[in-house]
Amino acid sequence: MIKSIADLYNINGQARKMAVVACQDHEVLEAAVESYEMGLTEPLLIGDKNKTYEIAQNIGIDISKFEFIQEQDIVKASEIGVKLASSGQVDFLMKGLVDTSILLKAVLNKDWGIRKFKLLSHVMIYQVNTYHKLLFLTDGGMNLQPSLEEKVDIINNASLVARALGLKEIKVAALAAKEKVDPKMPATLDAGKLKEMYLEGKFAEDIIVDGPFALDLAVSKQACEIKGVNSMVGGDADILLVPNIEMGNGIGKAITYLANGESAGIIIGASVPIVLTSRADDKKTKLNSIALGNAIAINSVHDEF
Ligand code: COD
């Protein structure tokens, strides 16, 4: 079982072919080269060749052994990456210097896209000293304001990742701003309904859903005791399900920037994993996400569908 971000690097399996879309980015290139040197990936670079070689030369890395597809237009580069994935020529994709929405629109393209599940969603994994285990956060990167039905898919997608990393019991905290259902706060209504669905047996047997929870109840037993909340999920959540992208983005950035957490993130639900890091993420975070993409590709999570 994967208990730390470092464990992501110890999954056995041959190097996976990774297409880097819009590779003309310093940190992305460094992470791709390092992942190759660690035996995790075989990068295929798509992007502006002149700029990429200039960056590589400036930072002293050798990219001459990698296959390169010259395409400086980021929309076209995204299309090439997606088509390489759909024809099985690469095992996963990594976002380089391209807007998230441009790459995702290519992934979702109705004619040649690689959507596989009903809903694609973003899953981040955090390791932070103030929490006793890895914490999954979803969806702070793709779905803006998911409906109740979409939240069910988001939970199931994140659970696939959790299972692939060895979790046997998956505790999901449906977050809102308080622990009581309040019609004036739609997030509490959905969280309450998700709990009801869990109680009615609508999730897989290894998933436990509880909510609504404010963040403190999801991650602190002490907060649960003080507020009189008795829950298997309270203080021990594996997955934080957020009601919207703003809360997901905020919690994620707070863990990274204020609590010095380590992270890795991917999009799940396309025919291949998609490594989607923020432009400001450092090389280590990008490498962690590659290791996660590699782990998910090796475990063939997407083949289950
Ligand atoms: N899974 C499957 N299909 C989807 C999804 C999804 N998550 N999202 C949209 N679709 C389908 C819709 O059903 C529809 O058929 C088609 O795609 C277009 O849907 P729209 O018009 O709602 O969406 P778009 O194309 O305008 O945008 C979808 C994106 C995923 C591109 C958009 O939501 C987006 O840009 N998300 C990322 C936000 C971001 O920038 N994150 C980074 C910072 S946190």
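Here, each number is a calculation from the coordinates, and none is a lab measurement. Not measured: the values here are computed from a predicted model. We place every Cβ from the backbone using ideal geometry, glycine too, and count neighbours over all the protein chains shown.
Has the range 82-93 got any residue that is among the β-branched types (Val, Ile, Thr), free of Cβ contacts under 8 Å to residues at least 60 places away in the same chain and farther than 22 Å from Ile296 by Cα? No, the range 82-93 has no match at all. Annotation note: Cβ proximity below 7 Å between a residue of the range 64-75 that is closer than 15 Å to Ala19 by Cβ and a residue that is in a helix (DSSP H, G or I) and of a type outside the set (Lys, Arg) (sequence gap 6+ or interchain) occurs for Ile69/Ile80; Glu71/Ala77; Glu71/Ile80; Ile74/Ile102. Exactly one residue among Tyr53, Tyr36 is buried (at least 18 other Cβ atoms within 10 Å of the Cβ), aromatic (Phe, Trp, Tyr) and either touching a strand residue (DSSP E or B) at 6+ places or on another chain (Cβ under 6 Å) or not in a loop (DSSP other than H, G, I, E, B) (or both), and that residue is Tyr36. When the residues of the range 109-118 are filtered to those that are near the ligand (Cβ under 9 Å from one of its atoms) and under 23 Å from Leu241 (Cα atoms), which remaining residue is surrounded by the most Cβ atoms within 10 Å (Cβ to Cβ)? Looking at the filtered set, the residue picked out is Phe117.
Across the range 134-170, the qualifying residues are those that are part of a loop (DSSP other than H, G, I, E, B) and exposed (fewer than 14 other Cβ atoms within 10 Å of the Cβ), and the one among them that is nearest to the ligand (Cβ to nearest atom) is Leu144. Residue pairs whose Cβ atoms lie under 7 Å apart, separated by 6 or more positions or on different chains, with the first residue in the range 274-294 and under 15 Å from Ser35 (Cα atoms) and among the basic types (Lys, Arg) and the second outside any helix (DSSP H, G or I) and within 11 Å of the ligand (Cβ to nearest atom), are Lys286/Thr277.
Which of the residues that make up the range 90-118 are in a loop (DSSP other than H, G, I, E, B) and either charged (D, E, K, R) or more than 23 Å from Glu42 (Cα to Cα) (or both)?
Asp91, Asp99, Asn109, Lys110, Asp111, Trp112, Lys116, Phe117, Lys118
On the basis of being small (Gly, Ala, Ser) and within 22 Å of Ser147 (Cβ to Cβ), does Ala223 make the cut?
It is false that Ala223 is small (Gly, Ala, Ser) and within 22 Å of Ser147 (Cβ to Cβ).
Can you find even one residue in the range 120-130 that is in a strand (DSSP E or B), among the aromatic types (Phe, Trp, Tyr) and touching a residue at least 60 places away in the same chain (Cβ under 8 Å)?
yes
Residues that are within 12 Å of the ligand (Cβ to nearest atom) and of a type outside the set (A, V, I, L, M) within the range 119-133 comprise Ser121, His122, listed in sequence order. Could you tell me whether the range 60-71 includes any residue that is in a helix (DSSP H, G or I) and surrounded by fewer than 17 Cβ atoms within 10 Å (Cβ to Cβ)? Looking through the range 60-71, none of the residues is in a helix (DSSP H, G or I) and surrounded by fewer than 17 Cβ atoms within 10 Å (Cβ to Cβ). Looking only at the range 233-292, residues that are in a strand (DSSP E or B) and surrounded by fewer than 24 Cβ atoms within 10 Å (Cβ to Cβ) come to 2 in all. Mind checking whether some residue in the range 210-217 is within 16 Å of the ligand (Cβ to nearest atom) and in a helix (DSSP H, G or I)? No, the conditions are met nowhere in the range 210-217.
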